[in-house]
Ligand SMILES: [Zn+2]
């Protein structure tokens, strides 16, 4: 069974912007950062200038990096040739109440399922550290 692994160097990388820079700096430091609204308390991701619910200021916080797979798709035909297939695209519902679109690694295609408990696993992609997720083997359920 094919093991899902991080992509090899050479894939297109995200370019941090003024609003997303704290997130990418967090990844490089081993922290999964997200924002929380100072007004209504809503968890916010991806990075924004103001709360999408009420418009109040946002404050950066550090996630425990644990959650569960909310939705997934396994890619067998890459959109560009730099990507190694198969890879599993997942939307993770983090325990703090936000969602992260990422890739699941450290398991096989057969392991990919909704509800799978995962934790963040950072990988240096050559200049940018990417937040992948891997099955959380110490999960309580
Ligand atoms: Zn708000």
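Since every read-out is calculated from the coordinates, none of them should be taken as a lab result. Since the structure is predicted, the reported quantities are computational estimates derived from the model, not experimental observations. For neighbour counting, all protein chains shown are included, and Cβ atoms are generated from backbone atoms with ideal geometry for every residue, glycine included.
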remark   = Relative contact order as a percentage, the range 21-135, C-alpha pairs under 8 Å and 6+ apart, gives 23
FRET efficiency for residue 123 and residue 85, using Cβ-Cβ distance with R0 set to 30 Å, rounded to 0.05 = 0.95
remark   = Contour minus Cα-Cα span, residue 49 to residue 17, at 0.36 nm per residue, comes to 10.4 nm
query = What percentage of all Cα-Cα pairs in the range 17-63 are separated by more than 17 Å?
reply = 27
key: Descending principal axes extents, the range 49-97, alpha-carbon based, whole Å   = 41, 22, 17
inquiry  = Along each principal axis of its Cα atoms, how long is the chain end to end? Whole angstroms, biggest number first, please.
reply    = 48, 36, 24
